[in-house]
Amino acid sequence: MLQIQLLRENPQEVIDRLKIKNFDATELVAEIRELDSDNRNLKKKIDDNLMAQNQGAKKIGQLFKEGKRDEAEAIKAEMAALKETERVDRAKLQEQEELLQSKMVLLPNLPNAAVAPGKGAEDNEIVYKQGDDSNLS
């Protein structure tokens, strides 16, 4: 299976090399790259949410120490909402990662750069032949 990094950095190379196998990967590569981008954005959103939760927890502790119970309770409610958002986002991320994986397995491995274009086995170039074929009939 191809690495997602290759699709991020060199999508056109993947498309061009798969054309050698008569496989048009243009739409599939575009779809995979979009899913990957969505996943990366969602992961960033989850990370930002976790950072906000950590900061909120520190602030709650500080407010309780200062005797500002009402403000601390309000922030606690915000943190509960952030946790729910995180739970929903993680479930969505799980679904997206499964979808991305299902799309990735549809891409064949890239042929060697030395492979000549062709439509089938009859178009393959013989590079090395060992033995005598006269006994195979």
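What does the charge count near Lys19 come to, summing +1 for each Lys or Arg and -1 for each Asp or Glu among other residues with Cβ under 14 Å from its Cβ? Walk me through the numbers on the way to the answer.
Values: positive: Arg17, Lys21, Lys119; negative: Glu13, Asp16, Asp24, Glu27, Asp123.
Spelling it out: positives minus negatives among the neighbours equals -2.
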Probe 1.4 Å, all chains present, heavy atoms only: Asp38 accessible area in Å², nearest 10, is 60
Dividing the helical contributions, -39500 (n - 2.57) per DSSP H run of n ≥ 4, by the residues of the chain yields a 222 nm value, nearest 500 deg cm²/dmol, of -23500 deg cm²/dmol
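Report the calculated FRET efficiency for Asp89 and Phe64 (r = Cβ-Cβ distance, R0 = 25 Å), to the nearest 0.05. If you can, show how the numbers build up before the last one.
Numbers: r = 28 Å, r/R0 = 1.13.
Using R0 = 25 Å, I get an efficiency of 0.35.
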To the nearest 20 debye, the chain has a Cα-centred charge dipole, built from +1 on Lys and Arg Cβ and -1 on Asp and Glu Cβ, of 800
Counting only DSSP loop positions in segment 22-86, the GluC sites (Glu not before Pro) whose Cβ has at most 14 other Cβ atoms within 10 Å are Glu66
Among (i) 17.7; (ii) 19.5; (iii) 16.7, the value of Kirkwood radius over Cα pairs in Å computed for this structure carries the label (ii)
So, with points 7 Å from each Cα along the Cβ direction, the Ala77-Asn124 label distance in nm works out to 7.0
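Glu97 to Asn10: FRET efficiency via 1/(1 + (r/R0)^6), r the Cβ-Cβ distance, R0 30 Å, to the nearest 0.05? Mind dumping the intermediate values first?
Numbers: r = 22 Å, r/R0 = 0.74.
E between Glu97 and Asn10, to the nearest 0.05, is 0.85.
The values are calculated or read from the model by the stated rules, or taken from the named source; none is laboratory data. As the structure is a prediction and not an experimental result, all values here were calculated from the model. When we count neighbours, we look across all protein chains shown, and the Cβ atoms used for this are built from the backbone with ideal geometry, even at glycine. Areas reflect the complete protein model, heavy atoms only, side chains present, ligands, DNA and RNA absent. Shrake-Rupley method; radii C 1.70, N 1.55, O 1.52, S 1.80 Å.
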